[in-house]
1. Which of (1) within 14 Å of the ligand (Cβ to nearest atom); (2) part of a helix (DSSP H, G or I); (3) in contact (Cβ under 8 Å) with a residue 40 or more places away in the chain; (4) closer than 25 Å to residue 59 by Cβ does residue 167 not meet, given it meets every other one?
2. If only one of 224, 218 is more than 11 Å from the ligand (Cβ to nearest atom), under 21 Å from residue 248 (Cα atoms), at pLDDT 95 or above and in a helix (DSSP H, G or I), which one is it?
3. Any idea which of 154, 201 is part of a helix (DSSP H, G or I), exposed (fewer than 14 other Cβ atoms within 10 Å of the Cβ) and out of contact with any strand residue (DSSP E or B) (no Cβ under 8 Å at 6 or more places or on another chain)?
4. Could you list, in sequence order, all residues of region 227-240 that are more than 15 Å from the ligand (Cβ to nearest atom) and surrounded by 16 or more Cβ atoms within 10 Å (Cβ to Cβ)?
5. Quick test for you: out of 174, 183, pick the one residue that is modelled with pLDDT of 95 or more, buried (at least 18 other Cβ atoms within 10 Å of the Cβ), over 16 Å from the mean Cα position of the chain (by Cα) and within 16 Å of the ligand (Cβ to nearest atom).
6. Check region 105-112 and report whether any residue there is buried (at least 20 other Cβ atoms within 10 Å of the Cβ), farther than 26 Å from residue 49 by Cβ and in contact with a helix residue (DSSP H, G or I) (Cβ under 8 Å, 6 or more places away or on another chain).
7. So for region 124-133 (the condition being within 17 Å of the chain's Cα centre (by Cα), within 27 Å of residue 35 (Cα to Cα) and surrounded by fewer than 22 Cβ atoms within 10 Å (Cβ to Cβ)), does at least one residue qualify?
8. Which of the residues belonging to region 205-214 are out of contact with any helix residue (DSSP H, G or I) (no Cβ under 7 Å at 6 or more places or on another chain) and surrounded by fewer than 20 Cβ atoms within 10 Å (Cβ to Cβ)?
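The values are calculated or read from the model by the stated rules, or taken from the named source; none is laboratory data. Quick caveat, the model's predicted, so the values are computed rather than measured. All Cβ positions, glycine included, derive from the backbone under ideal geometry; neighbour counts span all protein chains shown.
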Ligand code: 13P
């Protein structure tokens with residue numbers, strides 16, 4: 001009932017020409033995908049990658065968006081600027097932005113509302129640190145990120161949530177499929193209580209954190225996991241394609 005969504009997050013990798021080469025390599029391998037396929041790319045790659053994606057079944061995503069519509073925000077990029085290049089999705093609140101760039105639940109919320117108003121689909125990232133998991137605080141942390149980051153959203157089914165345990169990102173340590181499934185079920189329950197349970201049933205929730213060609217089938221077989229947000233493995237065409245084709 002929920003269409004799976006596999007998205008690459010290139011992070012600060014790939015120049016525009018490298019990005020074009022990568023999507024040219026990915027496109028023929030994912031033509032028959034049964035899921036939504038997205039690549040989220042550095043802002044400066046967007047014009048070239050947008051052009052290269054024409055005629056493919058791959059959608060374009062950005063890695064961030066500013067919360068103001070326009071104005072004196074040197075160095076920032078607005079939703080309107082992204083839309084002009086056919087960007088459909090935008091990652092918001094990635095843990096790297098929370099950790100290194102002062103992103104908070106409040107700014108996540110502002111960016112999410114702005115993106116929705118513009119017609120972009122936000123991929124809102126939440127997740128606990130290792131210390132928080134080991135301290136038994138996972139649910140408390142996620143509940144706060146959900147209550148603060150997602151407040152005032154009119155139609156929660158218009159977003160995608162990416163559950164990315166911070167300790168699993170880029171570390172090669174994946175949450176077990178059961179762990180990820182259980183935590184995503186908690187996220188869905190919390191969203192259901194905050195909005196409505198029917199909406200929560202429709203909401204797509206991805207897993208992210210060292211998801212790769214080897215473990216994607218097991219993760220995607222879990223009933224609560226509706227997709228993946230892929231870092232490292234999205235930079236290699238065959239690996240990313242294997243993940244996209246998880247059901248084949
Ligand atoms: P890795 O797949 O490299 O662990 O990164 C996950 C991630 O942060 C995707 O947003």
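1. Status for residue 167: all satisfied but (4).
2. 218
3. Working: 154 fails: part of a helix (DSSP H, G or I).
Going through 154, 201 in turn, the sole match is 201.
4. Scanning region 227-240 gives a single hit, 237.
5. Exactly one residue qualifies, and that residue is 183.
6. Checked region 105-112: at least one residue is buried (at least 20 other Cβ atoms within 10 Å of the Cβ), farther than 26 Å from residue 49 by Cβ and in contact with a helix residue (DSSP H, G or I) (Cβ under 8 Å, 6 or more places away or on another chain).
7. Among the residues of region 124-133, not one is within 17 Å of the chain's Cα centre (by Cα), within 27 Å of residue 35 (Cα to Cα) and surrounded by fewer than 22 Cβ atoms within 10 Å (Cβ to Cβ), which makes the answer no.
8. Taking region 205-214 and keeping what is out of contact with any helix residue (DSSP H, G or I) (no Cβ under 7 Å at 6 or more places or on another chain), we get 206, 208, 214.
Result: 214, single match.
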